[in-house]
Amino acid sequence: MPVKYLTPDYSQTLRWNDILTSMYLLLYLSFLYYNNLILSIGHSDSLYNILGLAALEFIKYSFHVSRTKTSFYKHHAKDFIKNVLVLLLLFATIYVVAVLFGAPILSDFEETCMFSLIVTTFTALPLCLYFGGDNTVHMFLSLASYDGSDVQKLFMLKLRLTLFGAWLGAIVIPLDWNRPWQDWPIPCSVGAMVGYMVANFVTSLLQHQYFAKFIRKTGKYML
Amino acid sequence: MGKHWCYFLFMLWFSYLIVSSILLFSRGFLLSKNAQTTNSTCLSLSEIPCIHKESTTLSAHEQQCSADTKLSYVFQNINSASDICLPQRARVVFVIIDALRYDFALYDENLKNPLPFQNKLPVINELLKQQPDNSRLYKFIADPPTTTMQRLKALTTGSLPTFIDAGSNFATNEINEDNIIDQLLRHNLSTVLIGDDTWDGLYPNRFLRKYPYPSFDVWDLDTVDDGVNFHLYPELAKNDWSFLIAHYLGVDHCGHRYGPNHSEMERKLTEMNTVIASIVERLDPSTMLFVIGDHGMTETGNHGGDADDEVTSALFVYSHTQLSSLHASATVRQVSLVPTLASIFGVSIPFSNLGTVILDALPLLNNSQVPEWQWSLFHLWANAQQMLTYIDHYAKSAPETFSDSTLQSLRENYALLNSKLFHVSDQPSFATFTEECLVFLGKLRETCEQVWVQFDSFSMTRGLLFLFLSMFFVYVITDGIPSNRLPEIFMSSFLTCSYFVLLVAVCVSIVLYHFSYVSSLTSTIFFSTGLVSQFMLGMLVIQNWELISLNWYDRSKKERIPNLICRLVLVFHLCGLFSNSFVVEESSVLLFLLTTVILIGSLSVGQGETKKKIPRPKLRLLLIAFGMLVLVRISMYFWRCRDRLEQPWCYETYNSFTSKAETTKLQWITTLITLALFVTTTKVWLRNCGNLNGYNFTVIVLKYAPTVLVVCTSGFWVLNRLPGDPKNKAIRPWQANVLAWTVYGVSFVGILVVVLKPLCVYVLPKEKTVEGQNIIPHLFHKVKRLFNEESRDDVPILCGLGTAYSAVFVSIGIFLTHLFALIHGDGVAPATVIMFLASAFVLIITSIIRLEKATIMEQLFEIPNMSLLVWVILSQYFFYGTGHQPSFPNIIWEAAFVGTSGVISHNYILGSLIILNTFCSQILMGFLVPLLIIMPFTVSVMLPTSINRNILERENLRGEVLLYERDGLMITVAFTTICKYMVCHGIRVFATMLAATIHCRHMMIWKIFAPKLIFEAIGMFVTLVVVNLSYLVLLRINFKVDQLIVSLNKRCR
Ligand SMILES: [Zn+2]
Ligand SMILES: [Zn+2]
């Protein structure tokens, strides 16, 4: 599975993809907010929205492939099933981890599944597309300390910030404000989305020459 | 003095500083109201001289003037009502049905399927229907805390109970405030007590006759009630008493044991119905009957808080003579009972009373001369005068309590009423006056309620400051000074100087107190010692500042993401304490944080590995972490609900599928299987360590004691399950108790033996290795050779030296876990096993992480702050994981009856059982802190496959023998680790203290923040004790290992 290193021409496409992603996620979130659809984010009604978001990831990837004629990872037909299995495995893992973090095991099956689906869409799916299943698992397993190529680092940042967003979202759940949006998994799902949005924004900045230099100089915690 | 003891002295000093700052703070924060010891006095009619309007002189003739004349004189001078006692109206039979909730006393004919507690007291309804003029039923509102002792205090003194009493239900202490029973004594009226012995503790030597019964065994529904019934009827026939107290506990105990929704409750209430009916039958015309509940109970049968269910109890009054009909009321407060009783008995209202006399509960006097309303007016006004006097008096003794404007407005209000008093001439004007007067009295009571808790900001800020500073300095010293430099610093004159200065400070405080410059000795000592300690610690930090800053600078270069996450976790962990909803939901929060830290920690291993391959050890580590997290997640099923109001989404798994005392078969089987598995696994572990060889006494204890413990524990549970119905007396309670005491004894002896003879090492003489072929293959790779090179042939082989240190702590842990399992009962026992296993997993995980990261031996002695954080969170989490909640109603009082029910009522034993139960996680984790240092070496011997080979090969790890080789370093690291552990716990206590200070006017302060503070503080004290003990145990093991090796070396030469 060839991992190619940074060449200047795909950087442009990636960057535009990232900018686009942060824009449409912002639009999507504000759409949800103003139409009070945020409350249904944990129901299967919003399944199509998630599938739409997943389709957007596919479109971005094919756009990227067609523009640059190269890819970090060549999808072979024989790997297809493996990658799908990896996605399913990660979906299940996220479900289990959510349960370990305190989510109900079965009583909110639908909600937890939707949360898991959202997180998979934003984390595992792009990784699988760009780097293939094996690398995805590896990146998931080295969340806390990762050493890879620059592109992989960008994706690692997205992965981390998305998970961090979902993690941070849980803060509002215990508060006794009795608002409907405090119910599991709404804050965590929204947190994951916001995390992914912020991550895309940051990565698009990082790919800009000037900012990249600036951040590398100052940041002690280069994520 | 060796450095070991210097460290220990320093730890003691630090513990003292923490304790004293917390106590200093709580003196300011948990300040209770000042009890006023003044008594009310009054003149009875016979003592009043006859004064005619015409003349003011007394004469012998006038002494004999009639009572009527005196009465008319008294009613004209109503302004001095509180100085005069009217004649006694009746005697009172005072039946307390503990925890009689208001709806227990109601009767509803329309009810088709009454619940076990409904419609069970029909006699009250009949009396209300048949003799409406002679009986009254009120909703009787208690002030929280709704525990029996606080309620009895309020019911006899009429004052508001204070918060600090809430926790001290054990040591009942004598009441020194003015109260109705002392008032009766002063007027030569006598009281008889039958029932709950709490009364006897509150009022020793006050009763004409007393038949007290122990109140503590809440599993015993009948002994007290049968005893009361036995003595009640003979007493009713006598007439030398004026006040007969009969306190029934069955209903309350039934609530605690089974909850209100149980057939036993039906039985107890029906019994009470019979009791009331037969008392009414035997009542003579001059005697009244009061039936009261001291508090209610929640759906689960507990009480103590301020939920509606808990504060509403019932008051039923019955008298053969007609009751007054003036000013009917349906809801009265419990404090109002005292002035009512005082009016009935014709004694003065106790000095500290804040209740208002219940006018329509007073029986009529057959006196046609004086109209009914005039009597009532007299009592009401006496009541008002007494309360105002009390508040005036209190304001004088504690000037800060009431603001001047409040007092002024109260006095004006009183003066206004006083002027209106003389215009009351008939019943309608009396009615309007009563309304106004009652409003005024209510206002008085509320004024007191509001300002009752006054904070002493001086003590509070000192406490906060001292705690913060001492923790800060100690952290800087233990974290900043490198461990190779610590010994010389502590061996210097620093400690001697400090202790000397402390002594001087104590002496100065005593001198100051002696010459009464200061009012409180302990506060002064805490303050002065705290002050000089901060000074000394600060000096030490300043002296070594260069060293510290250099060390920190070096380390700051190695920052990584896990550290960032750890800090975030720590911040959340602390910030949560400032929000009431996070305190309420702390169990989930801790679970969340624990999972985070464990996951991040195990994911961070193996950095810089090859990109493609995921290293096997890492996968194995993740597997272990996963197992541990699953265990922790399972422990969620043992959480207890704090309060249904506070946690609306709380799904009470443990209590919901069982009635309170009985466990289901499934639970039972799980418990037994878990315990059996626990015994086997721990035994296998110890055997694999090689610590179970030979015929050493310790080894024998370790081999057989756990099995004995499990058998006894399950036997105890079986016996306790059998007498489900009270009639089955096949098994006497003491037989079950013997089993429980066996468990206590065996675990105590086990711990003692392990501490006294800590070596589970088997010295295999050289010859034996040949003949004992059959055991050797099994043992061989566990056997550690001594590092003695000279005489290879004579060197004995030692089994279990490689785990000599850890084996002791592990076995102490095992014994403690068995003990905890017993006192947690068969329902929650698996949680204690889970706690032990989870901590073992955490130890393994952190050790593997450290082994992976270390490149040289010395790095293994560095305890990362993350491991410490996990350990602290673990100890906090399993407080919840073993079914506790930081609120008083949720204290598991049942723990005190394990093996003691009906046998022992010694408060210290009962108290320590409850402490053992409540703070089991703090005790276990505190004891096992040294394992954080020891465990990497153990893991390197026991699980060599699960770690990278590098460090093993590079450093020739030989297990815990290395610890002995570097025992100086080990002890130093143990010292710093333990200090940091104390600091970590201390930070939490500090945060709760700060939260309590910030929220001191918060609505939830008494319900959430103050109990949290008290639980954290007691947990801290427990931790301090245990942690210091664990250090001593470590010293002991080290000493014994040293002895062994020295003697072996001698033998070999
Ligand atoms: Zn009670
Ligand atoms: Zn009770």
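B:Gln385 sits among other residues whose Cβ lies under 13 Å from its own Cβ, and their net charge, with Lys and Arg +1 and Asp and Glu -1, is -1.
Do any of B:Lys238/B:Lys443; A:Lys74/A:Lys158; A:Lys78/A:Lys158; B:Lys139/B:Lys665 go past 32 Å between their Cα atoms, and which? In this structure, B:Lys238/B:Lys443; B:Lys139/B:Lys665 lie more than 32 Å apart at Cα. For the range B:325-341, the residues whose backbone nitrogen is under 16 Å from a point 7 Å from the Cα of B:Lys420, taken along Cα to Cβ, are B:327. Other protein chain C-beta atoms within 10 Å of residue C-beta, averaged over A:96-103: 6. Qualifying chymotrypsin sites (Phe, Trp or Tyr not before Pro) in the range A:134-175, where qualification requires a DSSP coil assignment and no more than 12 other C-beta atoms within 10 Å, are lacking entirely. Calculated FRET efficiency, B:Ser403 to B:Leu521, Cβ-Cβ distance, R0 = 25 Å: about 0.20 to the nearest 0.05.
Electrostatic tally near B:Thr37: other residues with Cβ closer than 9 Å to its Cβ, Lys and Arg +1, Asp and Glu -1, net -2. Counts of other chain beta carbons within 10 angstrom of each beta carbon in peptide B:576-584 average 2. Loop-located chymotrypsin sites (Phe, Trp or Tyr not before Pro) across the range B:447-530 with a Cβ neighbour count of 11 or fewer within 10 Å are B:Phe515, B:Tyr517, with loop assigned by DSSP. Along the range B:308-325 the Karplus relation, 6.51 cos²θ - 1.76 cosθ + 1.60 evaluated at θ = phi - 60°, assigns HN-Hα couplings of 4, 4, 7, 8, 8, 10, 10, 10, 10, 10, 9, 8, 5, 7, 5, 9, 4, 10 Hz to successive residues, with x for each Gly and Pro.
Hydrodynamic estimate: the Kirkwood radius of the range A:73-133 over Cα pairs, inserted into Stokes-Einstein at 10 °C and 1.306 mPa s, corresponds to D of 130 µm²/s.
At an R0 of 60 angstrom, the distance between the Cβ atoms of A:Val65 and B:Thr389 translates into a FRET efficiency of 0.05. Available extension along the chain between B:Met491 and B:Ser263 is 75.2 nm, counting 0.36 nm per residue and deducting the alpha carbon span. A cut-off under 12 angstrom between Cβ atoms defines the neighbours of A:Leu117, and their net charge, with Lys, Arg +1 and Asp, Glu -1, is -2.
Heavy-atom accessible area buried between chains B and A is around 3100 Å² (1.4 Å probe, both sides summed). The length gained by stretching the chain between B:Gln735 and B:Met539 to full extension, at 0.36 nm per residue less their Cα-Cα distance, is 64.5 nm.
Inter-label distance, A:Leu26 to B:Tyr233: 8.7 nm, where each label sits 7 Å from its Cα along the C-beta direction. Per-residue ellipticity at 222 nm from helix content only, as computed over the protein assembly as shown with -39500 (n - 2.57) for each DSSP H run of at least four residues, stands at -20000 deg cm²/dmol. Rounded to whole Å, the principal axis extents of the Cα atoms in the protein assembly as shown read 121, 84, 65, largest first. Element breakdown for the protein assembly as shown at a 1.4 angstrom probe: carbon and sulfur atoms account for 63% of the accessible area.
Here the mean projected area of the convex hull built on the C-alpha positions of the range A:8-218 is 12.6 nm². Approximating the spin labels as points 7 Å out from Cα along Cα→Cβ, the A:Lys78-to-B:Thr41 distance works out to 10.8 nm.
Provide, for q = 0.20 Å⁻¹, the log10 of I(q)/I(0) from a solvent-free Debye sum over equal Cα point scatterers in the range B:515-603. Debye output, listed in q order: -0.92. With a simple spin-label model that places each label point 7 Å from the Cα along the Cα-to-Cβ direction, the separation between B:Glu546 and B:Lys112 comes to 9.1 nm.
Using R0 = 25 Å, the C-beta based FRET efficiency linking A:Leu37 and A:Gln182 works out to 0.95.
The values are calculated or read from the model by the stated rules, or taken from the named source; none is laboratory data. A quick note: this is a predicted structure, and the numbers were derived from the prediction, not measured. Cβ: placed from backbone, ideal geometry, glycine included. Neighbour counts: every protein chain shown. Heads up: the accessible areas ignore ligands, DNA and RNA and are worked out on the full protein's heavy atoms, side chains in. Shrake-Rupley method; radii C 1.70, N 1.55, O 1.52, S 1.80 Å.
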